[in-house]
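Worksheet: one structure, shown below.
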């Protein structure tokens, strides 16, 4: 359970770091630039702690997929990034991929006809 908390923290720090990246304006703003370094550093640390228990393929897919999906939605809501049907399909595909990876990590739960 602790590993999943680390994974959630890694996602939150990654979202924070990426948001600060936008605000840093090419690292010309000092505080957001420091936020990028801090957020990404803590994200990778938390991700590495989660990998003590969680398989790499699953943890990395969840970290990058959920982080990407939430960051894309924040871009739409906060900065008015364009959101189209294709954007929606892309985010849905990311979430679907994470769900499928999670299901594939537990093949013993599936019946033989489902594999």
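The values are calculated or read from the model by the stated rules, or taken from the named source; none is laboratory data. Nothing here was measured: the structure is a model prediction, and the numbers come from that model. In this analysis, Cβ positions are derived from the backbone assuming ideal geometry, glycine residues included, and neighbour counts consider all displayed protein chains.
Listing for the model above:
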{"read-out": "Selection within region 1-28 - part of a loop (DSSP other than H, G, I, E, B) and closer than 16 Å to residue 51 by Cα", "value": "1"}
{"read-out": "Test: residue in region 38-57 that is more than 25 Å from residue 103 (Cα to Cα), modelled with pLDDT of 95 or more and within 12 Å of the chain's Cα centre (by Cα)", "value": "yes"}
{"read-out": "Candidates 94, 70 - the one that is surrounded by 11 or more Cβ atoms within 10 Å (Cβ to Cβ), at pLDDT below 90 and in a helix (DSSP H, G or I)", "value": "94"}
{"read-out": "Exclusive hit being free of Cβ contacts under 8 Å to residues at least 24 places away in the same chain, in a helix (DSSP H, G or I) and crowded, with 17+ Cβ neighbours inside 10 Å, set 36, 76", "value": "36"}
